[in-house]
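Nothing in this text is a laboratory measurement; each read-out follows from the coordinates by a stated rule. Small disclaimer: the values here were computed from a predicted structure and weren't measured. Methodologically, a virtual Cβ is constructed for each residue, glycine included, from the backbone with ideal geometry; neighbour enumeration extends over all protein chains shown.
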Ligand SMILES: *Cc1c(COP(=O)(O)O)cnc(C)c1O
């Protein structure tokens, strides 16, 4: 009688013994000796911890555990997911997805040398922001522009340059926290500027600003109301009035737009979002906005405004700390170029394409996916098509929603709870992220682009 020794439960083998087996050697070839040795040590330690010094396990079981350990370690941490949350610009899911032109430009810049700070004609040193400045001036009507890491950095650089050690007047109604990560007062404090709050949360009048202006005042600031809207008995000072008051006292007006869509969204049937051009026209001296919100580009912060103020910001050593690298600059330039031809924008810019996707198109997709979803989860959940509302996200158009359609999954008796269904969908090779509303898991299909890949994963759901 022959016995396969590896199937016998024996005392735990030594690290060397396990490493010497053929399956372990295959793992070593694929992933290197160090990682596999770590895996063997970790797995053996785990067995000893649970079973004590005389623990037993078959070699096969141990090697299987080692293989799983190694797989977990080599799986990328940052990876693609399906954003079916219904929030198009989801900060936690990476906000805007790049336009194809931006992807091509970015990968081109990654692969080789570029004229990042090099003037090809004169062979002199160039200015990295020059690759996007002219485009930004054309699109906003400003005198000058610069770009930094994100909009928080743009606000920081503006305040640090123009108001460090002095006071900035901001309406109490605009002291908002954006997504837990951007607090205007915190950015102000770290920039060295002193925040001077004027007015009340719901009402601010022109004299609230003018009466607070004194020798310590360095600037007035307007912060665009992201992710909330105060309604009812409200009163705020228009940007034109603010700029009149600021300029009467020779102070700059800084307008933090947050989203700052470059063109009027109403052209695509969407609600209007304030544009940088409008802010400039209304008299702002410095306007800041994000590149990866409605603008649909790479993460960056854009500052446009008066040439003299932008030049001072450029000379601030913090500009060097906050500058963009060649990859994002390439993606930003390519994204801005798409705006030169607005007729094509709703196709060429994914953010706009997703925001303007007709509900009927999303509904048709939902019905295409309904039966495959039902088959994958047969009997374990109730699955229907449901009308729902998508959001723009990232603080843009906080109270507006877009009509959309979702696959709705809910529990059947002795089926799976919405939470458990959500967990299963997140466990797929490309995790599917939905949202739960009163015990129903909604998969809003507005942002489902890769339908074939989504469908191909459903087999995994059936076996999960
Ligand atoms: C989003 C936002 C910011 C922060 O921008 P980031 O690009 O996330 O750094 C600042 N101000 C306003 C008004 C915003 O909406």
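Quarter the surface of the alpha carbon convex hull of region 376-464 and you get the mean projected area, 6.3 square nanometres. Approximating the spin labels as points 7 Å out from Cα along Cα→Cβ, the residue 212-to-residue 38 distance works out to 5.2 nm.
For the chain, the 222 nm mean residue ellipticity estimated from helices alone, with every DSSP H stretch of n ≥ 4 adding -39500 (n - 2.57) and the total spread over all residues, rounds to -12500 deg cm²/dmol.
Once the convex hull of all Cα atoms in region 54-179 is built, its volume per residue stands at 348 Å³.
In the chain, the longest principal axis of the Cα atoms and the axis of helix 451-463 are about 40 degrees apart.
When only C-alpha pairs under 8 Å and at least 6 residues apart count, what is the relative contact order of region 282-426, in percent? Computed over region 282-426, the figure is 16 percent.
When every alpha-carbon pair in region 246-389 is counted, what percent end up more than 20 Å apart? If you can, show how the numbers build up before the last one.
Values: 6373 of 10296 pairs.
When all Cα pairs of region 246-389 are counted, 62 percent exceed 20 Å.
By counting other Cβ atoms within 10 Å of each Cβ, how are 318, 386 ranked from fewest to most?
With the sparsest Cβ surroundings first, the list reads 318, 386.
As a ratio to 2.2 N^0.38 Å, the alpha-carbon radius of gyration for region 402-449 is 1.16.
Inter-label distance, residue 241 to residue 340: 4.1 nm, where each label sits 7 Å from its Cα along the C-beta direction. Helix 100-111 and the longest principal axis of the Cα set of the chain meet at an angle near 70°.
The order of 67, 404, going from fewest to most other C-beta atoms within 10 Å of their C-beta, is 67, 404. Sorting 90, 341 by the number of Cβ atoms found within 10 Å of their own Cβ, with the fewest placed first, yields 341, 90. In degrees, nearest 10, range 0 to 90: what is the angle between the Cα axis of helix 59-74 and the longest Cα principal axis of the chain? Computed tilt is about 10 degrees.
Label zone of residue 360 (point 7 Å out along Cα→Cβ, amide N under 11 Å): in region 263-291 this covers no residue at all.
Legend: Rg and Dmax of region 319-399, from Cα coordinates, 19.3, 59 Å.
Entry note, the chain: relative contact order of 19 percent, from Cα contacts under 8 Å with a spacing of 6+ residues. Gyration tensor over the Cα atoms of the chain: the corresponding equivalent ellipsoid has semi-axes (square roots of 5 times the eigenvalues, largest first) of 50, 29, 23 Å. Expressed in units of 2.2 N^0.38 Å, where N is the residue count, the Cα radius of gyration of region 27-68 is 1.18. Got the relative contact order for region 240-355 handy, in percent, Cα pairs under 8 Å and 6 or more residues apart? Normalised by residue count, the contact order of region 240-355 is 20 percent.
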